[in-house]
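*Asks:* The structure that follows is given in the form of structure tokens.
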Amino acid sequence: TFRAQFDAWAALTTQSGSDLCLWTYTKNFRMYMLRADVYGGGFFNDNAYSYFANAGGDFFFNQGATDGTNTLSAFEKLNAYLDSKMMWNSQNSIDELIENWFSAMYGDASESMLNLYNAQNAAAREVFGEDELGIPSVTMDKSSAKDVLTVDVLDEWFGYIEQAKIDVEASSFSDAEKAKMIAHINEEWISVKFLYVYLYYQEPLAGIPVDGLDGVTVDIDAAQAEFRAVLGYNADTE
């Protein structure tokens, strides 16, 4: 269906001598912090970029985070890397590019971070549904999401992050290089911690303390302090 629509627009713009701009999405805008698995085996596979390049497309904008700054989580920087490489040369291999990116970004910690990436992709397919990935308005129901994103699953993801930091510290890279890698690893901690708080924190009602949600207690003050520390914010002023 998508190709039929694209081919029709391509034919129309060719006849009129107009440019054809394709505007697509790599994020589910209702839940930024659980990445949508749209690359590789998803919507934006190797064939997709070749098709766009050869079917009459003049401009291609693949929209991700709308207000991204230096700190981007849920592997948003990988998305930008894949798009830039595939738009420059659609004959590249997405799988090879992913492998190259993890190696360059995390060094000796690439295996642990790739485990986290693959685990998040698998969870997204289960939470959002195979057919919904790439659509930017899929609502994540908390109740059903917690069936997939259990505390044990999120703890496993935190474990990948901690192991990655251990691997970096044990590597032969310089202190400056290690600091960069740790900063990139901490960015991915943000999305995991956000999901943990989002799914399992329950705000006290009418001043009555809540022991926890689903048997889980989230210390919101401690969580906020952790976010400030990872983002480099001054706890007193920001």
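The values are calculated or read from the model by the stated rules, or taken from the named source; none is laboratory data. Keep in mind the model is a prediction, meaning the values are calculated, not measured. Cβ sites come from the backbone with ideal geometry, for glycine too, and all protein chains shown count toward neighbours. The area values use the complete protein model at the heavy-atom level, side chains included, leaving out ligands, DNA and RNA. Shrake-Rupley method; radii C 1.70, N 1.55, O 1.52, S 1.80 Å.
*Asks:* Taking into account only those residues within region 165-194 that are among the aromatic types (Phe, Trp, Tyr) and open to solvent by 40 Å² or more (accessible area, probe 1.4 Å), which is nearest to Met31 (Cα to Cα)? Give the derivation first.
*Replies:* Of the residues in region 165-194, the ones among the aromatic types (Phe, Trp, Tyr) are 173, 189, 194.
Applying the additional criterion that residues be open to solvent by 40 Å² or more (accessible area, probe 1.4 Å) yields 173, 194.
Numbers: Phe173: 35, Phe194: 11 Å.
Filtering first and then ranking leaves Phe194.
*Asks:* In region 52-108, which residues are over 24 Å from Val192 (Cα atoms), open to solvent by 70 Å² or more (accessible area, probe 1.4 Å) and outside any helix (DSSP H, G or I)?
*Replies:* Within region 52-108, Asp58, Phe59, Phe61, Gln91 qualify.
*Asks:* Please state which of the following conditions Asp221 fails to meet, knowing it meets all the rest: (1) of a type in the set (D, E, K, R); (2) more than 23 Å from the chain's Cα centre (by Cα); (3) modelled with pLDDT of 90 or more.
*Replies:* (3)
*Asks:* Only one residue in Ala119, Ala145 is within 15 Å of Leu195 (Cβ to Cβ) and open to solvent by less than 10 Å² (accessible area, probe 1.4 Å). Which one? First the steps, then the outcome.
*Replies:* Details: Ala119 fails: open to solvent by less than 10 Å² (accessible area, probe 1.4 Å).
The conditions single out Ala145.
*Asks:* All but one of (1) open to solvent by less than 80 Å² (accessible area, probe 1.4 Å); (2) at pLDDT below 90 hold for Val197; which doesn't?
*Replies:* Among (1) open to solvent by less than 80 Å² (accessible area, probe 1.4 Å); (2) at pLDDT below 90, the lone unmet condition for Val197 is (2).
*Asks:* Let me ask something else. What is the number of the single condition among (1) open to solvent by less than 60 Å² (accessible area, probe 1.4 Å); (2) part of a loop (DSSP other than H, G, I, E, B); (3) within 30 Å of Ser73 (Cβ to Cβ) that Thr24 does not meet?
*Replies:* Every listed condition holds for Thr24 apart from (2).
*Asks:* For region 27-51, give me the residue count where each residue is at pLDDT 80 or above, over 22 Å from Ile190 (Cα atoms) and surrounded by fewer than 16 Cβ atoms within 10 Å (Cβ to Cβ).
*Replies:* Of the residues in that region, 2 qualify.
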